[in-house]
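Down below is the structure, laid out as structure tokens.
The values are calculated or read from the model by the stated rules, or taken from the named source; none is laboratory data. Treat the numbers as computed from the prediction; the structure is a model and nothing was measured. Ideal geometry is used to build each Cβ from the backbone, glycine not excepted, and the neighbour counts take in all protein chains shown. We work out accessible area using only protein heavy atoms, side chains counted, and drop any ligands, DNA or RNA first. Shrake-Rupley method; radii C 1.70, N 1.55, O 1.52, S 1.80 Å.
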Amino acid sequence: MMTIDTARYRLDPNQLRWFCDPEQFGFDCTNSVEPLEQFIGQDRALRAIDFGLNIHRTGYNIFVTGLSGSGRATAVKSSIESLIQKKITDGESFPLYDWCYIFNFDNPDCPNGLRLKAGEGKLFAADTDALLKNLKEVISKTFASDDYKNQKQLLIDEHQRRHRQAIQDLEKQASDGGFAFRMTSIGPILVPMREGKAMTQEQYVALDDAEKEDIENHRQALLSRINKAFENVHLLESELKNQVAELDRKVAGLSITPVFVAFSEKYSASPEVRSFLNRLQDFTLSFIHLFRESPESQAQHPQTAAFQRIQDPFNPFRVNVFVDNAERTQPPIIQENHPNWSNLFGRIERRAFMGTYFSDHTMLKSGALHQANGGYIIMYFRDLIVNPGVWDGLKRVLKTGELKMEDPWEQYGLIAPQGLKPDPLPFQVKVVLIADDLLYRLLTFYDEEFRDLFKVKADFDTQILRTDSILSSYACFVKACCDLEKLLPFDRGGVAKSLEYASRMISDQNKLTSRLGAVKDLLIEADFWSRQDSAQVVSASHVQRAIEEKRRRHGLIEERLQEYILADVLFIDTDGAVPGQINGLSVTDLGDYSFGRPSRITVRTYLGKQGIVNIERESRLSGRIHDKGVMILGGYLGYRYAQNKPLSLAGSVCFEQSYEGVEGDSASLAETCALLSSLVSIPLRQDIAVTGSINQKGEVQPVGGVNQKIEGFFKTCEARGLSGTQGVIIPTSNVRNLMLEEEVVQAVREGRFHVYAVRTVDEALEILSGMPVGERREDGNYDPETFNDLIDRRLRENVLLLRRLSEKNDEEKKEKKENTDPAEEKSDHSSLTLLDK
């Protein structure tokens, strides 16, 4: 039998890893490198962000997608800052405002919003406080003056004169009627007189009934006239109160008008402020007693009844500086990391009193959206969506362009608040949300409003094409990390090793990862090990140690599985040859760490027509992609071997010692080789593991995790002792993904381990079986004494055997029918019919 030279499938050690040459860098260490100012790659995403920031139309908010650690938030913030600086350079100004809430005199439960220029909010609040203090002093002095007291006394004296005159008139009317006039707590009374003196009780009792009746009738008539006249006395008292109140208002108006005029002149450019001051002046005149009375007497004054729910009687003077931009010279850039309802939309604080809650305009607190008004806000969508109601609230704000303060829990009855409905504020903010691409696609499919509100997508790539300029930018990034984190400088060897790590992260020799956060973590850990060695710079050995230490910290499960393999708890052969058995490769992903592990795959074939049975699928341990791979395997067999005959085949495929789900089609190449090996009982090498998926034409397709898979089998072979024949078969299309650990590359360079790359199933079979596969000739047969020839002949034999068995079975049935008595046949038929019923 002809032997096969497998050397043509072996990969050169230089193909197994991209080595970054430190000599290509024109520096000895990063001290002589300028720190990175621009982002590495991501031109598509940055152009999209710039577009979204510069277009000022409704709905053109930005949704940033990409993996965490790719610098999405930093890139957005940097783009905004660059845009602002460009506008400053171009001489553009930024209209910034302070927002205040003031007392609403028409409806205190609906505070009014007030817009002022940036920095005027605090000044206005301080001025109103000073105004209140000034008014108290002015009013107090005015009502304590002798002029006011004299004018008030004149009114009182006149009232007393008219009051005495009225009483005297009433006494005269009573006296002329023969009665004495007396004032009591219950009103005026009339006492009958005799001989110019009021009658005593004894004198009145001594009168006969006729006299008493006459006196009583006369008294009732006179009392009726006196009561009517007495109403004028009460009117005099009301008249005095009105006169005193008018005097107070007149005197107070003369004293406070100059104060308000001086205050109004300062804010003459703001109609809203002037209107508020006019209402405030009317309030002061209407409630002038608040400025004169002591706090103890204020609560008892009847005119304060409408304001008892306001704890501070001077609340109308209080200005709530809701948004203060006094310290800002540029549009705000807010990054809200905890976007719950209160932090985003603000809150209405309340004060408990006597078993209920009170609130006013001074208890309104702004949220991140208020603070970002006129600028930009950046949020992570996952943080936003986990808070109930926030996403719907944000969409409502973006649609209406108004920012209302609402309490989302009122409808649930969880609290019993005093309801405030402040004026909505206009909303002009560029909203930037950050999430992964899956969430973006889900929102696009299931949220009709999303596409209208976030029309700009900025997609951050996970990888960057490796070019000379990108390598230089990475070196500048290392320098920037050193400056930011106070790290030791990296020599060019350390920079080169970190670049190799960046290439390994995405398993591509021609690209680098864009997740610079992970690279930054590596630099920090390498700096730690460098300081442990008391080194002055971070070298390649320190970066390599950081990689190894991290792998050791996370590799407990991987080590435990290797121990099970060495102890023959998990059956894995690394030498010899066995028919229908092969070593497949899989990847275990733990989230923060992934590693490869070999798995024994066995196939057993037998005579039949039911095809291939996937044991994993039958036991419900198989995923849909793995099921698809096994079905493709059946399609390949039919395409390759059943063009001129039926495919008479039965077999079962199993992942041995697999007690968890199996997913993916990367084992379909191994399963195909094992199936064909079992069919013709040709042993396959156990010192070679296989990974790769196939299509129905038998072409080997690329798979994921190829580095971890190779390294997993290498560690198993190394633990048992490298024989020099062991290796791994991978798809040729995966060669560009190879970034193997240096110890694996060194073992290949020394000939102690091998990596084979194949394009078809036939090439893999040649390596595993050591015999030629054979090509199909024009007559439909394969080259004799080849792998495919043996398979073809076995399948033909199966067809003949199945045909003979079928013919023999038919003959036995026919013979049995001929030898059966008709009566017995009828009886049997009746029995069967009865059983059927």
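Specify the residue that is least open to solvent (accessible area, probe 1.4 Å); the eligible residues are those in region 689-726 that are among the hydroxyl-bearing types (Ser, Thr, Tyr) and assigned to a loop (DSSP other than H, G, I, E, B).
Within region 689-726, the match that is least open to solvent (accessible area, probe 1.4 Å) is THR691.
For region 262-272, check the following and say yes or no: at least one residue is at pLDDT 90 or above, among the charged types (D, E, K, R) and open to solvent by 90 Å² or more (accessible area, probe 1.4 Å).
Yes; the residues of region 262-272 include at least one that is at pLDDT 90 or above, among the charged types (D, E, K, R) and open to solvent by 90 Å² or more (accessible area, probe 1.4 Å).
Based on this model, can you work out whether LEU369 counts as touching a residue at least 60 places away in the same chain (Cβ under 8 Å), over 26 Å from TYR101 (Cβ atoms) and out of contact with any Pro (no Cβ under 8 Å at 6 or more places or on another chain)? Spell out the reasoning first.
Working: touching a residue at least 60 places away in the same chain (Cβ under 8 Å): yes; over 26 Å from TYR101 (Cβ atoms): no; out of contact with any Pro (no Cβ under 8 Å at 6 or more places or on another chain): yes.
So LEU369 does not fit the description; no.
So which of ARG752, ARG777 is among the basic types (Lys, Arg) and in contact with an Asp or Glu (Cβ under 8 Å, 6 or more places away or on another chain)?
Numbers: ARG752 fails: in contact with an Asp or Glu (Cβ under 8 Å, 6 or more places away or on another chain).
Being among the basic types (Lys, Arg) and in contact with an Asp or Glu (Cβ under 8 Å, 6 or more places away or on another chain) holds for just one of ARG752, ARG777, which is ARG777.
If I filter region 501-509 for residues that are among the polar types (S, T, N, Q) and open to solvent by 20 Å² or more (accessible area, probe 1.4 Å), do I get at least one hit?
So in region 501-509, the residues among the polar types (S, T, N, Q) come out as 503, 507, 509.
Imposing the further condition that a residue be open to solvent by 20 Å² or more (accessible area, probe 1.4 Å) reduces the set to 507, 509.
There is at least one residue in region 501-509 that is among the polar types (S, T, N, Q) and open to solvent by 20 Å² or more (accessible area, probe 1.4 Å).
Can you work out which of the residues in region 633-656 that are charged (D, E, K, R) and more than 46 Å from the chain's Cα centre (by Cα) is farthest from GLY698 (Cα to Cα)?
Applying the first criterion (charged (D, E, K, R)) to region 633-656 yields 640, 645, 656.
Imposing the further condition that a residue be more than 46 Å from the chain's Cα centre (by Cα) reduces the set to 640, 645.
Numbers: ARG640: 8, LYS645: 19 Å.
So the residue we want is LYS645.
For region 17-41, how many residues are of a type in the set (Ser, Thr, Tyr) and either in contact (Cβ under 8 Å) with a residue 12 or more places away in the chain or in a loop (DSSP other than H, G, I, E, B) (or both)?
The first filter runs over region 17-41 and keeps only residues of a type in the set (Ser, Thr, Tyr), leaving 30, 32.
Remaining after also requiring either in contact (Cβ under 8 Å) with a residue 12 or more places away in the chain or in a loop (DSSP other than H, G, I, E, B) (or both): 30.
Result for region 17-41: 1.
Go through the residues of region 367-388 one by one and say whether even a single one is at pLDDT below 85 and of a type in the set (A, V, I, L, M, F, W, C).
Here is the first cut: in region 367-388, the ones at pLDDT below 85 are none.
The answer is no; no qualifying residue exists.
Only one of ARG115, ARG72 is under 23 Å from GLU349 (Cβ atoms) and basic (Lys, Arg); which?
Details: ARG72 fails: under 23 Å from GLU349 (Cβ atoms).
That would be ARG115, the only listed residue that is under 23 Å from GLU349 (Cβ atoms) and basic (Lys, Arg).
Run VAL630 past the list (1) free of Cβ contacts under 8 Å to residues at least 12 places away in the same chain; (2) under 19 Å from VAL690 (Cβ atoms) and report the number of the one that doesn't hold.
Unmet condition: (1).
If ARG441 passes every condition in (1) surrounded by 14 or more Cβ atoms within 10 Å (Cβ to Cβ); (2) under 17 Å from the mean Cα position of the chain (by Cα); (3) of a type in the set (Lys, Arg) but one, which one does it miss?
If we test ARG441 against (1) surrounded by 14 or more Cβ atoms within 10 Å (Cβ to Cβ); (2) under 17 Å from the mean Cα position of the chain (by Cα); (3) of a type in the set (Lys, Arg), just (1) comes out false.
Is there any pair linking a residue in region 323-348 that is closer than 17 Å to GLU120 by Cβ to one that is of a type in the set (A, V, I, L, M, F, W, C) and not in a loop (DSSP other than H, G, I, E, B), with Cβ under 7 Å and at least six apart or on different chains, and which?
Once the first residue is closer than 17 Å to GLU120 by Cβ and sits in region 323-348, its partners that are of a type in the set (A, V, I, L, M, F, W, C) and not in a loop (DSSP other than H, G, I, E, B) give VAL323/TRP99.
When residues of region 696-719 are filtered for being within 15 Å of VAL761 (Cβ to Cβ) and over 40 Å from the mean Cα position of the chain (by Cα), how many remain?
Looking only at that region, the number is 5.
Could you list, in sequence order, all residues of region 34-51 that are touching a Phe, Trp or Tyr at 6+ places or on another chain (Cβ under 6 Å) and at pLDDT 90 or above?
Across region 34-51, the qualifying residue is only ALA45.
Only one residue in HIS289, HIS218 is open to solvent by less than 20 Å² (accessible area, probe 1.4 Å) and either in contact with a Ser or Thr (Cβ under 8 Å, 6 or more places away or on another chain) or at pLDDT below 85 (or both). Which one? Reasoning before the result, please.
On the way: HIS218 fails: open to solvent by less than 20 Å² (accessible area, probe 1.4 Å).
Answer to the check: HIS289.
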